[in-house]
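The values are calculated or read from the model by the stated rules, or taken from the named source; none is laboratory data. Quick caveat, the model's predicted, so the values are computed rather than measured. Note that each Cβ is placed from the backbone with ideal geometry, even for glycine, and that neighbours are counted across all protein chains shown. To get the accessible areas, we keep the full protein, side chains included, count just its heavy atoms, and leave off ligands, DNA and RNA. Shrake-Rupley method; radii C 1.70, N 1.55, O 1.52, S 1.80 Å.
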Amino acid sequence: MDLENLLTDRLAPAFATVAGVPVDPVVRRSQRADFQSDAALALARRLGRPPRDIAAQVLEHAELADLCSRAEVSGPGFLNLTVADRTLAGLITALAADRRLGVPVTAEPETVVVDYSAPNVAKEMHVGHLRSTVIGDAAARLLEWLGHRVVRANHLGDWGTPFGMLIEHLADLGEAEAAQELSMGDLDSFYKTARAKFDADEAFAERSRRRVVALQGGDPVTRRLWRLLVEQSERYFMTVYDMLDVTLTERDFHGESSYNDLLGPVVEELDRLGLVRESGGAACVFPPGVIGRDGEPLPLIVRKSDRGYGYAATDLAAIRQRTGALGATRLLYVVGLPQRRHFEMVYAVAAQAGWLAPPTRAEHVGFGSILGSDGRMLRSRAGGSVKLVGLLEEAISRATALARERNPELGAAEAAEVGRAVGIGAIKYADLSNDRHRDYVLDWERMLALDGNTAPYLQYAYSRIRSIFRRAGLAARLDAAVSLAEPAERALAFELVGFGRVVGEVADNLEFHHLAGHLYRLAAAFSTFYERCPVLRAEGPVRESRLVLCDLTARMLEQGLYLLGIRTPERL
């Protein structure tokens, strides 16, 4: 149903006939017509002919009569294409009858593992966890909607040396008191107290070291205390995920501990393959072509000199398990950009070992940082990390106040519901509407604005459409004939038919700001349509046609925002 693809399919054979080789027509939207192709200009030098002559010859061979009302050569050799109203109206009619809005279920479903969020046990989630959680959840929603089997992997930090001091502190407090303290969500205080005791009390530090050995050795009492820490932390994490409205569940927790028994076999297999070299007492693999700042080959340490294992071994074990036992062919790691080199090396070693063989691939879905108004890393007033719960509560509080101010008729419960949808939506959209590779500034006023490229603007467009149907006391007739006589109707129609192409592209590149941008353009086109094309005051077939456009826009906004993890209140 995508016009760019339709026009490309018609122009490509004509260009190939003229050029003698396959040519990408490079069809794109244009201000001088509906679409434009400038491929003739690139061909001119290769063929040694004027680009206008090439473009004219392409038009002679192209079958465009059923799609375009006008196709002409313009300027130095552009092809300007104006889509026929009947063609555009037909596409809208087909979209209106399609529950999937022109986005088919994939013909080649994959098992996709999305590794995201990854908080640490006995530590509170902070603003640094926001981007991984929001971007990862959008990826999981989108790929699942397209028909892929999505495995959500929340890789908890629940193993390692710090757990000796945490378990020992828990034992000192007593299980009942520790459980009460942890259940209150004050994980930071628990961790900081344990850390302070470890640094100040050598006897406590020695007991903590023995606890690490006991934990790794499977001591039942130590494992039970460790499990209490993990379970209380997981309950806290779930309250945050519920507030943030993401799709992670208890079943998605996959701690580092779950790979513990696989670490030794991973290193042994790498050794059997002849990939392991000893360096400074550590077992290392040197990925080909990876050079350090000193110009020397850079090692990936798979087993430390003290015989312990680090993140590299755990990540390799996860890849081996996910591609083997789970049969995954696409692995997504939603982790900050500073970890890019680490993952490049891990993927390279996994490929050397044969665990990442085509078509299986792993992708680092990297992202930048969230900044404060001063352009620096967002910090609390005390200079520490901003707790994620506090950030979400502030968003909901601000949005609830705005909802009550804008619509005093809302009851307390409905205002709270709207405030949560708008506040959390604003947080997510501010993240996803920015290029994930870049840093962005957390700006409350801009995020919660009802105009501009914001979640509230899109949510308001949706609620305004629903109010049209409430006022009319009817539902749209999906089988009504669509006519596009007004420029604003045509402009809205073009945004509607472009949805499927954007969704397909984002499924590949996970650049969610392209989907957010498309939804914003759709809402803006609807706003212009609403101002210039009366809906309920129109009569007969025109009214029915415009109601179809309204309903289709609302459904597309609702679906698109759902893929971004954002709710759409009926009233705002």
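Based on protein heavy atoms only, the range 421-572 ends up with 38 Å² per residue of surface accessible to a 1.4 Å probe.
What separates the Cα centres of the range 535-551 and the range 255-294 is a distance of 65 Å. Pairs from the list K192/K428; K192/K304; K123/K387; K123/K304 with a Cα-Cα gap above 20 Å: K192/K428; K192/K304; K123/K304. Among D479, D435, D315, the order of accessible area from largest down is D479, D435, D315, computed with a 1.4 Å probe on protein heavy atoms.
Which of rounded, prolate, oblate describes the range 455-504, given a ≥ b ≥ c as roots of the alpha-carbon gyration tensor eigenvalues and a/c under 1.5 marking rounded, otherwise prolate only if a/b is larger than b/c? Cα axes put the range 455-504 in the oblate bin. For S279, the amide hydrogen comes within under 5 Å of the amide hydrogens of C284, counting only partners 5 or more places away or on other chains and with H modelled in the peptide plane. For the range 143-281, relative contact order (Cα pairs under 8 Å, six or more residues apart, normalised by length) works out to 37 percent. What whole number of Å gives the distance from the Cα centroid of the range 1-78 to the Cα centroid of the range 321-371? Between the Cα centres of the range 321-371 and the range 1-78 lies a distance of 39 Å. Along the range 13-30 the Karplus relation, 6.51 cos²θ - 1.76 cosθ + 1.60 evaluated at θ = phi - 60°, assigns HN-Hα couplings of x, 5, 4, 5, 5, 6, 8, x, 9, x, 9, 7, x, 6, 7, 8, 5, 9 Hz to successive residues, with x for each Gly and Pro.
How far is helix 455-472 tilted off the main Cα axis of the chain, in degrees rounded to 10, range 0 to 90? Computed tilt is about 50 degrees.
Rg/Rh for the range 346-471: what does it come to with C-alpha atoms and Rh from Kirkwood?
Looking at the range 346-471, the ratio lands at 1.15.
Here is how the number arises for the chain: DSSP H runs of 4 or more residues each give -39500 (n - 2.57), the sum is divided by the residue count, and the result at 222 nm is -17500 deg cm²/dmol. The Cα atoms of the range 84-211 cover 82, 27, 24 Å along the three principal axes, with the biggest extent listed first.
Ordering V27, F190, L410 by Cα displacement along the dipole of the chain toward the positive end leaves V27 in first place; charges were set at the Cβ atoms of Lys, Arg (+1) and Asp, Glu (-1). Computed from Cα positions, the angle between helix 311-324 and the longest principal axis of the chain comes to roughly 60 degrees. With N the number of residues in the range 187-286, Rg(Cα) / (2.2 N^0.38 Å) evaluates to 1.46.
If the chain linking V105 and E539 were pulled fully straight, counting 0.36 nm for each residue of separation and taking away their Cα-Cα distance, it would gain 152.5 nm. Placing unit charges on the Cβ atoms only, positive for Lys and Arg and negative for Asp and Glu, gives the range 115-196 a dipole magnitude near 520 debye about its Cα centre. Around the Cα centre of the chain, unit charges on the Cβ atoms of Lys, Arg, Asp and Glu (plus for the first two, minus for the last two) sum to a dipole of about 680 debye. For H437, the accessible surface of its heavy atoms amounts to roughly 80 Å² (probe 1.4 Å, protein chains only, rounded to the nearest 10). Amide hydrogen proximity for R303: with H placed 1.01 Å from N in the peptide plane, the residues at 5 or more positions away or on another chain lying under 5 Å are A283. Couplings 3J(HN,Hα) for the range 492-501, derived from phi with the Karplus relation 6.51 cos²θ - 1.76 cosθ + 1.60 (θ = phi - 60°), are 5, 4, 5, 5, 5, 6, x, 4, x, 5 Hz, where x marks Gly and Pro.
Going by average Cβ neighbours within 10 Å, how do the peptides 62-68, 403-409 rank, with the highest at the top?
Put in order of decreasing packing, that is 62-68, 403-409.
Rounded if a/c is under 1.5, else prolate if a/b is larger than b/c, else oblate: which is the range 381-440, with a ≥ b ≥ c the root eigenvalues of its Cα gyration tensor? Cα axes put the range 381-440 in the oblate bin. Computed from Cα atoms alone, the Kirkwood hydrodynamic radius reported for the range 245-346 is 15.1 Å.
Residue-wise HN-Hα couplings along the range 86-100, as the Karplus relation 6.51 cos²θ - 1.76 cosθ + 1.60 with θ = phi - 60° gives them from phi, are 5, 5, 5, 5, x, 5, 5, 4, 5, 4, 4, 8, 9, 4, 9 Hz; Gly and Pro carry x.
Counting only DSSP beta bridges with both residues in the range 59-153, tell me the antiparallel percent, nearest 5.
Percent antiparallel among DSSP bridges in the range 59-153 is about 55.
By how many degrees, between 0 and 90 and to the nearest 10, does the Cα long axis of helix 51-61 differ from the longest principal axis of the chain? Tilt relative to the chain: about 80 degrees.
Computed about its Cα centre, the charge dipole of the range 437-515 is approximately 480 debye, with only Lys, Arg, Asp and Glu carrying charge at their Cβ.
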